[in-house]
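Structure, as structure tokens:
The values are calculated or read from the model by the stated rules, or taken from the named source; none is laboratory data. All figures in this text were calculated on a predicted structure; none of them were measured in a lab. FYI the Cβ positions are ideal-geometry reconstructions off the backbone, even for glycines, and counts take in every protein chain you see. Protein only, heavy atoms only, side chains kept; ligands, DNA and RNA dropped before computing areas. Shrake-Rupley method; radii C 1.70, N 1.55, O 1.52, S 1.80 Å.
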Amino acid sequence: MAAPGAHEEDGDPGARPGAARRSGWARAGHWLARAVPRGSGFESTRSLSRWLLVAGAIGIVAGLGAAVFFRAIEAATSLFLGALVGYQPPLAAGEGGTQVTVAARPWLLPLVTTAGGLLSGALVFGLAPEAEGHGTDSAIEAIHRRSGSIRARIPLVKLVASAITIGSGGSAGREGPAAQISAGFASLLGRLILPDPQERRIAVAAGIGAGIGAIFRAPLGGALLAAEILYVHDIEVEAIIPSLIASIVAYAVYGAWMGYGPIFGAHGSLELGAPVQLLYYAALGVASGLVGLLYARSFYGMTAVFSRLALPRWLKPGLGGLALGLLGLALPQALHTGYGWVQLEMTREGLLSLSPLVLLAIPLGKILATGLTVGSGGSGGIFGPGMVIGGSLGALLWRLGMGVLPDLPPQPAPFVIIGMMALFGGIAHAPLAVMLMVAEMTGTLSLLAPAMIAVAISTALVGNTTIYHAQLPSRADSPAHRLRLAFPLLSALTARDAAAETPVALDSRRPAGEARARLTGGGEQVAVFTGEGGRLLGAVARGFLERLGPEAAARPLAEVSPCLVLPPEKSLDEALQALTEAGASAAAVSGDPVAAVTVQGILRAYREARRRVRPPPTA
């Protein structure tokens, strides 16, 4: 029979007899939960010790996964663009330099991008359709609506498919796949050793932050992003400490292999040169907000166009790749990650080597290229392209103001850096995290003050529009928090307050129809059921049994009713959440005497408590 440990406490409806024998990991998780109890918050030494272990393990895998992913992109780029097309995209300073080359066999580019899209599409839609697109939305969705559950095969499929997509020239970022790789491991680890669904969600959020913090060598920004990226107007405070732990461990592991220097090199000499420059950065914020809106709407518009095409889904990334290859013939800056072009734009000499027409075409072309690559179903991130678009926009505005505006910075780097912060920080609704990430990626904190103006204006302009559709407005809108925030009194009541003693104990191995007849004959509304040796497994309501059809009624009770056992000290908001997620009609409450709790019982206890605490009416 399913032990009331691995799945019952959080209400996993997949719990079935034999679940306790699947692995010793679930028992280890419950031992860990008992040895390091919850309830005192993250300030508690024991709670921190638990997260040091869990988040540390997530960080190790995130760092290794990010390093393997980076090398896979290098190998794919060398094969597809290097060996076949004879083209090496320019690289950021921290990743090898900014050499610009001309393709030796440009006519092969459309064929290569098409082949890359077809390979990626066949892999994704053949093995794990959830790996389609940029990946971050899928991880956010898992946190909000699936108790942090991500299929184990997705990280591997995402790694290979994204390496092929980017390596063949696809306009996509590395952060989405890196986040999904580490979030997938966090989900697996959470299912094994974290019995509490809220802790599993926090673990997946920490995985997102660790993966992004490692691949961008920006551990502080990555950690804050994990808490900020889940909501449009809110932040997941509980995720900050685990994310900090996971992100710094991931950064240490990734850096030991790939180096610790900032991706775009150190720019420590940059600073605000004159007060009038604040007006220039405010104008950059306006432009970033408007172009950010264009980016988000164009991306999802392109996604909608591809979704309406009457073609097999695995073919669509190939079609997008063909269009991308043709675009790349005219504008090679739209291909690949684009970080090397941003690096080139940071210096006066590099920027002046590009014509104003090319500078205008880069952000627009990158928006189109990302829609063709990721919007068609290809695998890759949208964070990186967003920073390239923002950085190129900043470079364009600096070029337009050169020789015209007084006290313009002598180098375009400040405009490029703040443009990256403002555009994606606004449209992703993660202004603090993106500012810190870009500061870490460029090795300078001296531009944060003017960046605040640009990012604030950009964020205000985009309003409720977001590049991540899985984001929710606030914690009150998340199923993970809705009960606690909407009914705060529930968190002060326990399962013991709502439980009712039941004299009936059913044998879970007997047919559900027999249980129904026994409850109906005795007039009982709810009963607990037990397994071998009288071990408590769960509870079931008569109404649930009466709705069963003949086929289900003939099956053992434990196979048709979710097994759910709650400790008596479980808060009612958590108990109601567990019942809802499990689809259970009732839950057993351990202790002496054994009792059962139902949704109706929880609501009854809530109403009684409301009557006790409600102030008397005034005369």
Taking a cut-off of 17 Å between Cα atoms, list the aspartates and glutamates near LYS570, but don't count ones fewer than 8 places away on the same chain.
GLU8, GLU9, ASP10, ASP12, ASP196, GLU199, ASP497, GLU501, GLU581, ASP592
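Sorted by accessible area (1.4 Å probe), largest first, how do ARG200, ARG612, ARG607, ARG191 line up?
Details: ARG200 25, ARG612 165, ARG607 130, ARG191 90 Å².
The residues order as ARG612, ARG607, ARG191, ARG200, largest area first.
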Could you work out how far helix 356-373 tilts from the main Cα principal axis of the chain, as a 0 to 90 degree angle to the nearest 10?
30
When ranked by the protection proxy of mean other Cβ atoms within 10 Å per residue, highest first, what sequence do the peptides 257-270, 223-236 form?
223-236, 257-270
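With a 1.4 Å probe and all protein chains kept in place, how do SER379, SER149 rank by accessible area, largest first? Please report the intermediate quantities before stating the final value.
Details: SER379 0, SER149 50 Å².
My answer, sorted largest first, is SER149, SER379.
Quick one: length gained pulling ALA330 to ALA283 fully straight, 0.36 nm per residue minus the C-alpha distance?
Length difference between fully extended and current span is 13.9 nm.
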So, counting K/R as plus one and D/E as minus one, what does the shell of residues with Cβ under 14 Å around VAL358 add up to?
+1
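Can you compute the equivalent ellipsoid semi-axes for region 411-460, i.e. the square root of 5 times each eigenvalue of the Cα gyration tensor, sorted largest first and rounded to whole Å?
So the three semi-axes of region 411-460 are 16, 11, 9 Å.
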So what's the gap between the Cα centers of region 73-90 and region 94-127, to the nearest angstrom?
7
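Where does the chain land at 222 nm, in deg cm²/dmol rounded to the nearest 500, when only DSSP H runs of n ≥ 4 count, each adding -39500 (n - 2.57), divided by all residues? Display every interim value, and only then the final one.
Numbers: 26 runs with 351 residues, N = 619.
For the chain, the value works out to -18000 deg cm²/dmol.
When the accessible area of the chain is computed with all protein chains present and a 1.4 Å probe, what percentage of it is carbon and sulfur?
Details: 14950 of 23340 Å².
Looking at the chain in its full context, I get 64 percent from C and S.
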Ranking HIS144, GLN277, ALA239 by how far each Cα lies towards the positive end of the charge dipole of the chain (+1 on Lys and Arg Cβ, -1 on Asp and Glu Cβ), the top one is HIS144
I need the phi-derived Karplus couplings for region 250-264: 6.51 cos²θ - 1.76 cosθ + 1.60, θ = phi - 60°, integer Hz, Gly and Pro marked x.
4, 4, 5, 5, 4, x, 4, 9, 9, x, 10, x, x, 4, 9
How large is the accessible surface per residue of the chain, computed with a 1.4 Å probe and reported in Å² as a whole number?
38
Please pull out the direction-averaged projected area of region 418-547, using the convex hull of its alpha-carbon atoms, in nm² to one decimal place.
14.4
Convert each backbone phi in region 102-111 into a coupling constant with the Karplus relation 6.51 cos²θ - 1.76 cosθ + 1.60 (shift: θ = phi - 60°), then list the ³J(HN,Hα) values in order as whole Hz, x for Gly and Pro.
10, 4, 6, 10, x, 5, 7, 4, x, 5
For the chain, percent of DSSP beta bridges that are antiparallel (nearest 5) comes out at 70
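Compute the orientation-averaged projected area for region 235-391 from the convex hull of its Cα atoms and round it to one decimal in nm².
Details: hull surface 52.5 nm².
Computing the convex hull of the Cα atoms and averaging its projections yields 13.1 nm².
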For the chain the mean separation of alpha carbon contacts under 8 Å (6+ apart) over residue count, i.e. relative contact order in percent, is 18
For VAL589, enumerate residues with amide H under 5 Å from its amide H, sequence gap 5+ or separate chain, H modeled in the peptide plane.
LEU566, ALA595, ALA596, VAL597
Whose amide H sits under 5 Å from the amide H of SER149, counting only residues 5 or more places off or on another chain, with H placed in the peptide plane?
none
Range of Cα positions in region 339-411 per principal axis (Å), largest first
45, 19, 18
For VAL526, enumerate residues with amide H under 5 Å from its amide H, sequence gap 5+ or separate chain, H modeled in the peptide plane.
ARG542
Going residue by residue through region 208-215, the Karplus relation 6.51 cos²θ - 1.76 cosθ + 1.60 with θ = phi - 60° gives ³J(HN,Hα) values, rounded to whole Hz and with x marking Gly or Pro, of 4, x, 5, x, 5, x, 6, 5
Give the aspartates and glutamates reachable from LYS366 as a straight Cα distance under 16 Å; neighbours fewer than 8 places away on the same chain don't count.
GLU345
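Quick check on the chain: what are the equivalent-ellipsoid semi-axes from the Cα gyration tensor, as sqrt(5λ), descending, whole Å? Could the numbers behind the result be given before it?
On the way: eigenvalues 517, 143, 84 Å².
Ellipsoid half-lengths, sorted descending, are 51, 27, 20 Å.
So, R0 is 51 Å and r is the distance between the beta-carbons of ALA152 and GLU608; what FRET efficiency does that work out to, to 0.05? Mind dumping the intermediate values first?
Working: r = 44 Å, r/R0 = 0.87.
FRET efficiency, ALA152 to GLU608: 0.70.
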